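Scroll down for the structure; my scribbles are underneath it.
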Amino acid sequence: MKNQIQNLIIKHCSTIAREAEAIRLCLDCFDQDVTSATDMLENAIQHAHKIKGSSGSLGFPDISAAAACLERQFRIVHLSEEEMGLSERIQIQAYYAILEQLVSNATPEASTLYDYKLPANAPR
């Protein structure tokens, strides 16, 4: 069981890197194509939400919290139904920079679950 959890955590580290890259691509599109901003916001929300949930479940609370902040900011902009202003862009870029840094430094061993000791009576 412990090996299965560790394998999930190892896979998670590469998965969140891809999800963070997908968010960056969405951010790049905001600057280039205003007509697809709604679609890009929806995609960015989905990617941030995936990182938030999976990281929280697999023992990366800081990454989960950073993704939650980014997701919340994306949702605020999305719900406003107005074009993203400079202050929103700056906030989103700042939240993304934090998330990107955490994701790039994530290692399986940093997970709170990686070396978790199963109770003696737990199924193995």
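In whole percents, the pair-distance distribution calculated for the chain from its alpha-carbon pairs, binned every 5 Å from zero, is 2, 12, 21, 21, 14, 10, 8, 5, 3, 2, 1, 0.
Exactly which GluC sites (Glu not before Pro) in the stretch 32-113 are in a DSSP loop and have at most 10 other Cβ atoms within 10 Å? Here the GluC sites (Glu not before Pro) that fit, given the DSSP loop and packing criteria, are Glu81, Glu82, Glu83.
Between the Cα long axis of helix 37-57 and the first principal axis of the chain there is an angle of about 20°, rounded to the nearest 10.
In order along the stretch 3-17, the phi-based Karplus estimate (6.51 cos²θ - 1.76 cosθ + 1.60, θ = phi - 60°) of 3J(HN,Hα) comes to 4, 5, 5, 4, 5, 4, 5, 4, 4, 4, 4, 6, 5, 5, 5 Hz; Gly and Pro are listed as x.
Charging the Cβ of each Asp and Glu at -1 and of each Lys and Arg at +1, and nothing else, the dipole of the chain about its Cα centre rounds to 900 debye. A simple rule links phi to the HN-Hα coupling: the Karplus curve 6.51 cos²θ - 1.76 cosθ + 1.60 with θ = phi - 60°, which for the stretch 83-100 gives 5, 5, x, 4, 5, 5, 4, 5, 4, 4, 4, 5, 5, 5, 4, 5, 4, 4 Hz, with x for Gly and Pro. Ellipticity at 222 nm from helices only: DSSP H runs of n ≥ 4 in the chain, each -39500 (n - 2.57), divided by the residue count, give -25500 deg cm²/dmol. Couplings 3J(HN,Hα) of the stretch 58-72, computed from phi: 9, x, 10, x, 5, 5, 4, 5, 5, 5, 5, 4, 5, 4, 4 Hz, in residue order, whole Hz [Karplus 6.51 cos²θ - 1.76 cosθ + 1.60, θ = phi - 60°; x for Gly and Pro]. As a rough footprinting exposure proxy, the listed residues Thr38, Thr15 were ranked by other beta carbons within 10 Å of their own, and the order from fewest upward is Thr38, Thr15.
Only the coordinates and a few stated rules stand behind these numbers; no lab work does. For clarity, every value in this text was computed on a predicted model and none was experimentally measured. For neighbour counting, all protein chains shown are included, and Cβ atoms are generated from backbone atoms with ideal geometry for every residue, glycine included.
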